[in-house]
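Please read the structure below before turning to the comments.
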Amino acid sequence: MEKPKHHIFVCSSFRASGEIKGKCNKKGSTDFIPYIENEILDRGMDALLTSTGCMKQCDNGPIMVIYPENFWYGNVESEDIIDEILDALEDGVAAEEYLLS
């Protein structure tokens with residue numbers, strides 16, 4: 001397998017012990033994972049999706065990070081926001097409105 005062009009991480013708030021805790025999970029971040037995966041496939045994007053442990057940005061959760069661009073997005077709380085982020089990524093830019101500073 002070749003390395004993907006983009007690697008998308010979604011915080012699922014897991015702790016090292018495996019305990020699920022934190023705002024990202026409570027705000028439904030794991031519910032978005034199938035949606036994002038389907039969007040990646042439907043759009044034919046060269047991207048890999050990974051669910052992560054806590055990213056230490058709870059006040060801004062749910063968090064979505066895209067590499068190698070190093071785009072950190074906060075308050076990713078709906079499919080509409082995810083669509084805007086993926087649209088921007090396809091255009092080679094950031095979805096500025098949701099970027100964490």
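Below is a table of values for the structure above.
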read-out: Boolean, residue 28 is among the small types (Gly, Ala, Ser), more than 10 Å from the chain's Cα centre (by Cα), more than 16 Å from residue 5 (Cβ to Cβ) and open to solvent by 20 Å² or more (accessible area, probe 1.4 Å); value: no
read-out: Subset of the range 55-79 [open to solvent by 30 Å² or more (accessible area, probe 1.4 Å) and touching a residue at least 24 places away in the same chain (Cβ under 8 Å)]; value: 55, 57, 58, 59, 60, 67, 68, 69, 71, 72, 77, 79
read-out: Selection count where residues are touching a His at 6+ places or on another chain (Cβ under 8 Å) and hydrophobic (A, V, I, L, M, F, W, C), scope the range 56-82; value: 1
read-out: Residue within the range 15-24 that is among the charged types (D, E, K, R) and under 18 Å from residue 75 (Cα atoms) present; value: yes
read-out: Selection within the range 26-44 - touching a strand residue (DSSP E or B) at 6+ places or on another chain (Cβ under 7 Å) and either small (Gly, Ala, Ser) or touching a residue at least 24 places away in the same chain (Cβ under 8 Å) (or both); value: 29, 32, 36, 40
read-out: Of all residues making up the range 85-101, the number that are within 13 Å of the chain's Cα centre (by Cα) and open to solvent by 80 Å² or more (accessible area, probe 1.4 Å); value: 0
read-out: Odd one out for residue 47, checked against (1) in contact (Cβ under 8 Å) with a residue 12 or more places away in the chain; (2) open to solvent by 30 Å² or more (accessible area, probe 1.4 Å); (3) more than 10 Å from the chain's Cα centre (by Cα); value: (2)
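The values are calculated or read from the model by the stated rules, or taken from the named source; none is laboratory data. Computed from a predicted model, the values in this text were never measured in an experiment. All Cβ positions, glycine included, derive from the backbone under ideal geometry; neighbour counts span all protein chains shown. Protein only, heavy atoms only, side chains kept; ligands, DNA and RNA dropped before computing areas. Shrake-Rupley method; radii C 1.70, N 1.55, O 1.52, S 1.80 Å.
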